[in-house]
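Worksheet: one structure, shown below.
Values in this text are rule-based calculations from the coordinates and carry no lab data. Every value quoted in this text rests on a predicted model; they were computed, and no experiment measured them. Here the Cβ positions follow ideal geometry from the backbone for every residue, glycine too, while neighbour counts run over all protein chains shown.
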Amino acid sequence: MKWEIKLASNELLHDWKIAGSSLKVKENYIITLHKGEYKGVGELALGSKEVVKLENLNYDLSQVEQACELEQIASFYDFTNILDGIDFINDSLRFAIESAFIDYLHQATDIEKWKIIGTNTIKSVESLCSIPIFSSADEAKSLIGEHPPAYIYKFKISKETISEQIKFFNDFDKAIVLDGNESWGSDVEGFLNDISELDQEKVLFVEQPLDRYALDAYKTLKEKSPVDIYLDESLQSHIHLDNFVELCHGVVIKATKACSHMKMVTQMTNAKKAGLKTVLGCMVESSLGISSLFTVAYGFDYYDLDGFTKLKNDPFNKVFWDKGKVVLSDMN
């Protein structure tokens, strides 16, 4: 097996503005596995505020290549056992490595990807459509017009812009999700005051309004909030989610946090057992990365898989947007 990693700089259709960050270009990494006449590819897509060193990613990949040379690999289970023995500098790389291996096995055997890892099949999902931060109704209408049509829109908010956004939300004619990206720090009362005039019937949930580490604040917020609170950045590689019941009503599960396909499935299963709602989320990434998520997508309550629609050019065409749904293409 030969592995390689390449930086992919993706120009965005629009400036991607969230609390504390703004991007015009998104840099992700493409992982390729070569073996014989076949190759598999996966994508590492990081959050807008995350930074990694390419030299560390190359080192992690070299560890995988060396370990694979020493073992007989006949299945995805064999491969994950090898990965379990590697001390990654960047754990988030593991999901992309697994995705490349699954893609390789699919090419070599023609076995469906979901069967390779033993999950259930799903070919399309109804997805949220994310809209970046805006500061006026006119800007919001323009942004919505430039994004694909959806059943549910997720709007980025911040403590600096929320007062200008609320009237638009209250007049909007569809259900919405709001994403605070930690903008309110640990200020529970400030957040509650800022959303006090919000039409609560319109809002399905608010995602990560406080800092990821403000756990005591989240306990208070859950008790007082008129709308459901979901956690994204606060959920990292946790498998046991019982304690999250005190903090929130639901969790957002992402590949770069869970770091493996099966841990994502375990997180979703354990969250449901604990009575939490679940969202399968993505980063701003190509359809390659989004398609990899379909192997673990069965059973979530919500899907936030529109990251590929933010790119000016998607070189992979592995999924497509169809009137609010993300659908696996024949090229996958």
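3J(HN,Hα) along the stretch 126-134: 7, 10, 5, 10, 8, 10, x, 4, 10 Hz, from the Karplus curve 6.51 cos²θ - 1.76 cosθ + 1.60 with θ = phi - 60°, whole Hz, x for Gly and Pro. Put the Cα centre of the stretch 184-263 next to the Cα centre of the stretch 288-308 and the gap is 20 Å. Can you check what the net charge comes to around residue 122, using other residues whose Cβ is under 12 Å from the Cβ of residue 122 (Lys, Arg +1; Asp, Glu -1)? Combined, the nearby Lys, Arg, Asp and Glu give +1. Spin-label model, residue 6/residue 223: points 7 Å from Cα along the beta carbon direction are separated by 5.5 nm.
Ranking 42, 274, 108 by how far each Cα lies toward the positive end of the dipole of the chain (charges on Cβ) leaves 108 at the top. With coordinates expressed along the principal axes, the C-alpha atoms belonging to the chain extend over 61, 40, 36 Å, beginning with the largest.
Take 299-308, 142-151 and order them by the average number of nearby Cβ atoms within 10 Å per residue, most first; the result is 299-308, 142-151. Residues whose amide H falls under 5 Å from that of residue 277, counting only those 5 or more places apart or on a different chain, are 250, 251, with hydrogens built in the peptide plane. Within the stretch 1-66, the GluC sites (Glu not before Pro) that combine a DSSP coil assignment with at most 14 other C-beta atoms in a 10 angstrom radius are 37, 50. Given labels modelled 7 Å from the Cα in the Cβ direction, how far is it in nm from residue 48 to residue 65? Here the modelled spin labels are 3.5 nm apart.
Given contacts defined as C-alpha pairs under 8 Å and at least six residues apart, what's the relative contact order of the stretch 2-117, whole-number percent? It comes to 27 percent, rounded to a whole number. Take every pair of alpha-carbon atoms less than 8 Å apart whose residues are at least six positions apart; their mean separation over the length of the stretch 223-263 yields a relative contact order of 48 percent.
For residue 198, no residue whose modelled amide H falls within less than 5 Å of its own remains once neighbours fewer than 5 places apart on the same chain are excluded. As a rough guide to protection, the peptides 173-180, 284-291 ranked by mean Cβ packing within 10 Å, highest first, stand as 284-291, 173-180.
For residue 27 and residue 115, a Förster radius of 30 Å and the Cβ-Cβ distance give a FRET efficiency of 0.35, rounded to the nearest 0.05. Shown here for the stretch 231-329: trypsin sites (Lys or Arg not before Pro) in loop regions (DSSP other than H, G, I, E, B) with at most 16 other Cβ atoms within 10 Å, namely 312, 323. A helix-only calculation puts the chain at -9500 deg cm²/dmol for mean residue ellipticity at 222 nm, using -39500 (n - 2.57) for each DSSP H run of at least four residues, averaged over all residues. Between 155, 169, 316, the residue with the greatest mean-square fluctuation in the GNM of the chain (Cα pairs under 10 Å linked by springs) is 316. Normalised by residue count, the stretch 227-325 yields a Cα convex hull volume of 104 Å³ per residue. Peptide packing for 92-99, 66-73, 211-218 was compared via the average number of neighbouring C-beta atoms within 10 Å per residue; ordered from the highest value, the list is 92-99, 211-218, 66-73. Give the Debye-formula value of log10 I(q)/I(0) at each listed q (0.09, 0.14, 0.19 Å⁻¹), with one equal scatterer per alpha carbon of the stretch 25-160, two decimals each. So the normalised log intensities are -0.42, -0.82, -1.12. Taking Cβ atoms as reference points and 14 Å as the exclusive limit, the residues near residue 187 contribute a net charge of -4, counting Lys and Arg as +1 and Asp and Glu as -1. Once C-alpha pairs closer than 8 Å and six or more residues apart are averaged by separation and normalised to the residue number of the chain, the relative contact order reads 18 percent. Between residue 151 and residue 215, with labels modelled 7 Å along Cα→Cβ, what's the label distance in nm to one decimal, could you check? Between residue 151 and residue 215, the simple spin-label model gives 3.6 nm. Taking amide H as placed 1.01 Å from N in the peptide plane, the amide H of residue 27 sits under 5 Å from that of 10, each at least 5 places away or on another chain.
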